[in-house]
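Enquirer: Attaching a single structure in structure tokens format; questions to follow.
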């Protein structure tokens, strides 16, 4: 197993300054779990009825109108269980379903009942019952009970961690480099300058450590701002990076990724179009992460959620407006999937919230708690108090995990 | 060159420009306080295009845009959809307008002769966070800082609080613009009601502090008191207007006091909150954290708190108090520069931008700050950008700084006397180690990169 010292030696072996001969006392902390948890936040409110269409519902075609997906033909949705399906773009997720590695949650929502993106994201990330009630993220609060609060166990694929992963427990962050990495000689000089500054030295070492892991694991590093801009359309570099870092024995165990671009108020499209392209990019990136994880995929659970769902019926611009409940996804080699969890009550206006939105029947926190309990072995006591304060009445979803 | 002069320029200012250490050396405290007597800097467009619009005009544009969006949702609106209207132009240009405003703000930071005043602008602007991540507020956040913050950094806290709260950017950002008294005539008619966002943040973040003594009932009470405060629909210059028919009628109890009387109830409530002892404590601690250390000495916080109480929240007196605090002049630089502070200090050190495409150079620095994790008036939450080292010592962010420093060095003239630049910018704060590293560098570019990466330049 690689430790930090050997990684640094590899990364900076060319240093002519000899600063690397100074004794390095810390060994890499042994990671307390080999399970991997990835949380993907889809910012902007994914249309759950497009991603996981309830095509077996008798009202599906009529209420969705132009947004209803085809059930036959070249661009047909993927049928899951006769009642629900997946968007035609989600080819790789369908493969996960077939391998019984994907579970779908429908009519799921955070406790937030208004329709502001920002407040809804705040609730989704803080794990509170209302917006701005808590200042740190539930995933950060869960690190300590997971035994990952030392700063090496959790990684945000971002420059600074999002609210979900921010808080008292130390976490790391990584992005594909946008500027050329300075040569080892120069980095050695900077490191020598930080000799009297323990904070900067430790931070730089952490960065070089992650960077070295990334470099040794990857050959598809971004190198120019233009490529960086392209990552909006092509999410794979970020997901591949996450997968390769998570795959390492000495790598992080928890990772967070953010994907925007779901706020489809105008010209959403059905089997083709704006949302179909975005879902395709996501599906390809998820598969890239799976490949990058390699054998670690079997130890991995990915939970993918959005701040709220969208209106059931299309609006006047061929899109959908802000709604309430929607869809969430749990997948990975550690997941016993092949199930759709939905307290389905139909799509008739009388069954909808305010006559327009999917009704919230499952609390999003139940999904998060279920994953943390069954996969990351966080005790119920911690889940009910520290991780999701005052949530004892929200029972963890019984999410089945492979042994 | 005096150590105190270097501390004045770096800790209280934005990093020394050429000649600044000399200017500050003789009487560093007087040099700082004098800056509060001159008019506060005004950001100017760097593209020589049209001047920035006042908040009121921007509100009018926003409301026009919304009206048009509503019309487009009506059946048979194809003709409206096709027409290139002013509102559509507004939608297209709102990111651009924000970038223009921020470019001007960065450029002012690079060049200002009153860097202590500018730092106070940045501090108060972050205290009263409005954020461009909210697309409704994006065009207004620049106007917010220009109109609500800049004129008020040396006045009374209660005036700053009132200006910030009433500004349309804050009304939009914290959703008070659409908050309606449930028992007001508008509320009874529409069935719409309160939005608590501003009421809560005003007490938690802007005044009392989270432990400052208020309950959920107080949050609701303050939200009710502030109903009717909203955006002006008739082109008022400020963009703010009070609508009596949306205001919750009757007397409302907030923290043991009763408020009534329409718009005046809100003004009185804000004054009372501004002058509450909890507010003095909250502001004192935040101010000391910004200028002295992430965990400031209790005696310094106590001095600021007393000054705030004794002067009724006189912000110039508060600035004088921190400038006169011995703990603020310790040679050890306790504060990590935030990305905006860091990139700004580097530009001041190198007296950039100089020749060539100024706009492009400023935008390059803006992209660098964003890459390091911070961008002005775009904080992720109403809490604002963090003010502790931990937030900026993210490993990826630090490596970004070093990479950027290297790129910066590579763009400088090869014959630059970097030791002279280092002495000019840091004076006695320059360490022996950094001086030696500069001397040992193979070229000027790498020497600058090491200087800008050095611990004494990362901190202030």
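The values are calculated or read from the model by the stated rules, or taken from the named source; none is laboratory data. Just so you know, these numbers come straight off a predicted model, no measurement behind them. Please note: Cβ atoms are built from the backbone with ideal geometry, for glycine as well, and neighbour counts cover all protein chains shown.
The rows are residues; the columns are (1) in contact (Cβ under 8 Å) with a residue 60 or more places away in the chain; (2) away from chain B (no Cβ under 14 Å); (3) over 18 Å from the mean Cα position of the chain (by Cα).
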| residue | (1), (2), (3) |
| --- | --- |
| A:114 | no, no, yes |
| A:124 | yes, no, no |
| A:134 | yes, no, yes |
| A:166 | no, no, no |
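Enquirer: If you go through region A:261-273 one residue at a time, do you hit one that is in contact with a strand residue (DSSP E or B) (Cβ under 8 Å, 6 or more places away or on another chain), outside any helix (DSSP H, G or I), at pLDDT below 85 and more than 12 Å from chain B (Cβ to nearest Cβ)?
Expert: The answer is yes; a qualifying residue exists.
Enquirer: What are the residues in region B:419-460 that are part of a loop (DSSP other than H, G, I, E, B) and either more than 8 Å from chain A (Cβ to nearest Cβ) or more than 16 Å from residue B:401 (Cβ to Cβ) (or both), if any? Steps first, please.
Expert: First, pick out the residues of region B:419-460 that are part of a loop (DSSP other than H, G, I, E, B): B:430-431, B:440-443, B:454, B:460.
Selection gives B:430, B:431, B:440, B:441, B:442, B:443, B:460.
Enquirer: Oh, and also: Counting only residues that are touching a residue at least 40 places away in the same chain (Cβ under 8 Å) and farther than 28 Å from residue A:268 by Cα, give me the strands (runs of 3 or more DSSP E) lying completely in region A:284-403 with at least 1 of them. Write out each step before concluding.
Expert: On the way: elements: A:300-306, A:326-331, A:339-342.
In region A:284-403, A:300-306 are the strands (runs of 3 or more DSSP E) which contain 1 or more residues that are touching a residue at least 40 places away in the same chain (Cβ under 8 Å) and farther than 28 Å from residue A:268 by Cα.
Enquirer: Within region A:59-79, count every residue that is touching a helix residue (DSSP H, G or I) at 6+ places or on another chain (Cβ under 9 Å) and in a helix (DSSP H, G or I).
Expert: Qualifying residue count for the region: 4.
Enquirer: Another question, if that's okay. Being closer than 17 Å to residue A:37 by Cα, touching a helix residue (DSSP H, G or I) at 6+ places or on another chain (Cβ under 8 Å) and crowded, with 20+ Cβ neighbours inside 10 Å is the filter here; which residues of region A:374-403 pass it?
Expert: A:376, A:378, A:383, A:387, A:396, A:397, A:399
Enquirer: Another question, if that's okay. Output yes when any residue across region B:329-343 is without any contact (Cβ under 8 Å) to a residue 40 or more places away in the chain, more than 19 Å from the chain's Cα centre (by Cα) and farther than 24 Å from residue A:122 by Cα, and no when none is. I'd like the intermediate steps shown before the answer.
Expert: Our first condition is that a residue be without any contact (Cβ under 8 Å) to a residue 40 or more places away in the chain; within region B:329-343, this holds for B:330, B:332.
If we keep only those that are more than 19 Å from the chain's Cα centre (by Cα) as well, we get B:330, B:332.
Subset that is farther than 24 Å from residue A:122 by Cα: B:330, B:332.
Within region B:329-343, one or more residues are without any contact (Cβ under 8 Å) to a residue 40 or more places away in the chain, more than 19 Å from the chain's Cα centre (by Cα) and farther than 24 Å from residue A:122 by Cα.
Enquirer: I've got another one for you. Need pairs with beta-carbon distance below 6 Å; first residue surrounded by fewer than 18 Cβ atoms within 10 Å (Cβ to Cβ) and within region B:47-72, second assigned to a helix (DSSP H, G or I); sequence gap 6+ or separate chains.
Expert: These pairs meet every condition: B:47/B:359; B:64/B:87; B:71/B:80; B:72/B:80; B:72/B:81.
Enquirer: Filter region B:404-417 for residues that are surrounded by fewer than 22 Cβ atoms within 10 Å (Cβ to Cβ) and without any contact (Cβ under 8 Å) to a residue 60 or more places away in the chain and give the result.
Expert: Those that are surrounded by fewer than 22 Cβ atoms within 10 Å (Cβ to Cβ) and without any contact (Cβ under 8 Å) to a residue 60 or more places away in the chain: B:407, B:410, B:411, B:413, B:414, B:415, B:416, B:417.
Enquirer: Still on this structure, I have one more. Tell me, which helices (runs of 4 or more DSSP H) lie completely within region B:126-236 with 2 or more residues that are more than 26 Å from the chain's Cα centre (by Cα)?
Expert: Numbers: elements: B:141-144, B:157-166, B:168-173, B:185-190, B:197-201, B:216-225.
In region B:126-236, the matching helices (runs of 4 or more DSSP H) lie at B:185-190, B:216-225.
Enquirer: Now for a separate question. Which numbered condition in (1) closer than 30 Å to residue A:273 by Cβ; (2) surrounded by fewer than 22 Cβ atoms within 10 Å (Cβ to Cβ); (3) at pLDDT 95 or above is the only one that residue A:111 fails?
Expert: Result: residue A:111 passes all but (1).
Enquirer: When you check residue A:303 against the structure, is it surrounded by fewer than 24 Cβ atoms within 10 Å (Cβ to Cβ), under 18 Å from the mean Cα position of the chain (by Cα) and under 30 Å from residue A:374 (Cβ atoms), yes or no?
Expert: Details: surrounded by fewer than 24 Cβ atoms within 10 Å (Cβ to Cβ): no; under 18 Å from the mean Cα position of the chain (by Cα): yes; under 30 Å from residue A:374 (Cβ atoms): yes.
Here the answer is no, as residue A:303 does not meet what is asked.
Enquirer: Looking only at region B:374-403, which residues are outside any helix (DSSP H, G or I), at the interface with chain A (Cβ under 7 Å from one of its Cβ atoms) and surrounded by fewer than 21 Cβ atoms within 10 Å (Cβ to Cβ)?
Expert: Residues satisfying the conditions are B:380, B:383, B:393.
Enquirer: Here is a follow-up. Could you say whether any residue in region B:266-288 is modelled with pLDDT under 95 and surrounded by fewer than 16 Cβ atoms within 10 Å (Cβ to Cβ)?
Expert: Keep residues of region B:266-288 that are modelled with pLDDT under 95, which gives none.
Scanning region B:266-288, I find no residue that is modelled with pLDDT under 95 and surrounded by fewer than 16 Cβ atoms within 10 Å (Cβ to Cβ), so the answer is no.
Enquirer: Could you check residue B:195 against (1) more than 24 Å from residue B:63 (Cβ to Cβ); (2) buried (at least 19 other Cβ atoms within 10 Å of the Cβ) and say which number it fails?
Expert: (1) is the only condition that residue B:195 fails.
Enquirer: So, in region A:172-193, exactly how many residues are touching a residue at least 60 places away in the same chain (Cβ under 8 Å) and in contact with a helix residue (DSSP H, G or I) (Cβ under 8 Å, 6 or more places away or on another chain)? I'd like the intermediate steps shown before the answer.
Expert: Start the filter on region A:172-193 by keeping residues that are touching a residue at least 60 places away in the same chain (Cβ under 8 Å), which leaves A:172, A:174-176, A:183-185, A:187-189, A:191-192.
Subsequent filtering for residues that are in contact with a helix residue (DSSP H, G or I) (Cβ under 8 Å, 6 or more places away or on another chain) retains A:172, A:174-176, A:184, A:187-189, A:191-192.
Residues that pass the stated criteria total 10.
Enquirer: Take residue A:200 and decide whether it is at pLDDT 75 or above, within 7 Å of chain B (Cβ to nearest Cβ), buried (at least 19 other Cβ atoms within 10 Å of the Cβ) and touching a strand residue (DSSP E or B) at 6+ places or on another chain (Cβ under 9 Å). Steps first, answer last, please.
Expert: On the way: at pLDDT 75 or above: yes; within 7 Å of chain B (Cβ to nearest Cβ): yes; buried (at least 19 other Cβ atoms within 10 Å of the Cβ): yes; touching a strand residue (DSSP E or B) at 6+ places or on another chain (Cβ under 9 Å): yes.
Spelling it out, residue A:200 is indeed at pLDDT 75 or above, within 7 Å of chain B (Cβ to nearest Cβ), buried (at least 19 other Cβ atoms within 10 Å of the Cβ) and touching a strand residue (DSSP E or B) at 6+ places or on another chain (Cβ under 9 Å).
Enquirer: OK, next. Which of the residues belonging to region A:234-260 are assigned to a loop (DSSP other than H, G, I, E, B) and modelled with pLDDT of 85 or more?
Expert: From region A:234-260, those assigned to a loop (DSSP other than H, G, I, E, B) are A:234-235, A:248-253, A:260; that's our starting set.
Within region A:234-260, A:235, A:248, A:249, A:250, A:251, A:252, A:253 qualify.
Enquirer: Can you tell me which of A:44, A:56, A:82 is touching a strand residue (DSSP E or B) at 6+ places or on another chain (Cβ under 9 Å), at pLDDT 95 or above and in a loop (DSSP other than H, G, I, E, B)? So that I can check it myself, show each step before the final result.
Expert: Working: A:44 fails: at pLDDT 95 or above; A:82 fails: touching a strand residue (DSSP E or B) at 6+ places or on another chain (Cβ under 9 Å).
Matching residue, one of A:44, A:56, A:82: A:56.
Enquirer: Looking at (1) within 12 Å of another protein chain (Cβ to nearest Cβ); (2) under 20 Å from residue B:4 (Cα atoms), find the lone condition where residue B:349 falls short.
Expert: All conditions are met except number (1).
Enquirer: Moving on. Restricting the search to region A:260-285, which residues are under 18 Å from the mean Cα position of the chain (by Cα) and either surrounded by fewer than 17 Cβ atoms within 10 Å (Cβ to Cβ) or farther than 30 Å from residue B:70 by Cβ (or both)?
Expert: First pass over region A:260-285, keeping only residues under 18 Å from the mean Cα position of the chain (by Cα): A:260-263, A:278-285.
Answer for region A:260-285, where residues must be under 18 Å from the mean Cα position of the chain (by Cα) and either surrounded by fewer than 17 Cβ atoms within 10 Å (Cβ to Cβ) or farther than 30 Å from residue B:70 by Cβ (or both): A:260, A:280, A:281, A:282, A:283, A:284, A:285.
Enquirer: Next question, about the same structure. Would you confirm whether or not region B:357-364 contains a residue that is assigned to a helix (DSSP H, G or I), at the interface with chain A (Cβ under 7 Å from one of its Cβ atoms) and touching a residue at least 60 places away in the same chain (Cβ under 8 Å)?
Expert: As a first pass, look at region B:357-364 and keep what is assigned to a helix (DSSP H, G or I): B:358-364.
Filter again for at the interface with chain A (Cβ under 7 Å from one of its Cβ atoms), leaving none.
Scanning region B:357-364, I find no residue that is assigned to a helix (DSSP H, G or I), at the interface with chain A (Cβ under 7 Å from one of its Cβ atoms) and touching a residue at least 60 places away in the same chain (Cβ under 8 Å), so the answer is no.
Enquirer: Among the residues of region A:168-196, count how many are in contact with a strand residue (DSSP E or B) (Cβ under 9 Å, 6 or more places away or on another chain) and either surrounded by fewer than 19 Cβ atoms within 10 Å (Cβ to Cβ) or more than 7 Å from chain B (Cβ to nearest Cβ) (or both).
Expert: Total satisfying the criteria: 3.
Enquirer: Name the single residue that is farthest from residue A:47 (Cα to Cα) among those in region A:311-361 being touching a helix residue (DSSP H, G or I) at 6+ places or on another chain (Cβ under 6 Å) and within 14 Å of chain B (Cβ to nearest Cβ).
Expert: Ranking the qualifying residues of region A:311-361, first place goes to A:316.
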